[in-house]
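For reference, the structure discussed in these notes is given below.
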Amino acid sequence: MADELISQLGFETSQRCGTSDCFWGDELTLQRKDLKWTVTAAFDPSTTLSIGIRRSEAAELETTDLVSETEQDEHWLVRKAYPYAGIANAVQALALVGQVRQELFETEFFDSRLTVRPAATVI
């Protein structure tokens, strides 16, 4: 699934083992730098892929009224969670990546939930 996020959606990681399809670490993190922000995809060790904008990388961003309580927490400014424990084969992995593409990148998911904080003016 991580390899498909990299090849199909432009994510990158420093956790790849050489040129193989293997990754190191207990928690795999991928990043995609867009024009306004960096989108992070984080696989927790057990069941959930979270994709969104981490608070640590979003000092200049604010959320809009569209962000729900389930889309944010103390670590995420906005994110969407995808359970992956039931993914058992390549077909299911591709379907999940397609769902991510449709819900987050082919819509205004981030643009509708985030604004860039205006720069302070010095007088």
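Brief remarks on what is shown
Conditions tested, residue by residue: (1) in contact with a Lys or Arg (Cβ under 8 Å, 6 or more places away or on another chain); (2) among the β-branched types (V, I, T); (3) closer than 23 Å to M1 by Cα.
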{"position": "D34", "(1), (2), (3)": "no, no, yes"}
{"position": "V39", "(1), (2), (3)": "yes, yes, yes"}
{"position": "P45", "(1), (2), (3)": "no, no, yes"}
{"position": "L49", "(1), (2), (3)": "no, no, yes"}
{"position": "I53", "(1), (2), (3)": "yes, yes, yes"}
{"position": "E57", "(1), (2), (3)": "no, no, no"}
{"position": "Q72", "(1), (2), (3)": "yes, no, no"}
{"position": "W76", "(1), (2), (3)": "yes, no, yes"}
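- Residue satisfying all of: in region 46-60; modelled with pLDDT of 85 or more and over 16 Å from Q72 (Cβ atoms); surrounded by the most Cβ atoms within 10 Å (Cβ to Cβ) among these: L49
- Complete set of residues in region 1-33 that are within 16 Å of V100 (Cβ to Cβ) and without any contact (Cβ under 8 Å) to a residue 12 or more places away in the chain: S7
- The residues on offer are F23, F43, and the sole one that is surrounded by 12 or more Cβ atoms within 10 Å (Cβ to Cβ), over 21 Å from R113 (Cα atoms), modelled with pLDDT of 90 or more and of a type outside the set (D, E) is F43.
- Restricting attention to region 1-27, the residues that are closer than 22 Å to Q72 by Cβ and within 12 Å of the chain's Cα centre (by Cα) total 3.
- Those residues of region 5-20 which are modelled with pLDDT of 90 or more, buried (at least 17 other Cβ atoms within 10 Å of the Cβ) and of a type outside the set (A, V, I, L, M), in sequence order: F11
The values are calculated or read from the model by the stated rules, or taken from the named source; none is laboratory data. On a predicted model such as this, the values are computed, not experimentally measured, just so you know. Glycine gets a Cβ as well: all are built from the backbone with ideal geometry, and neighbour counts include every protein chain shown.
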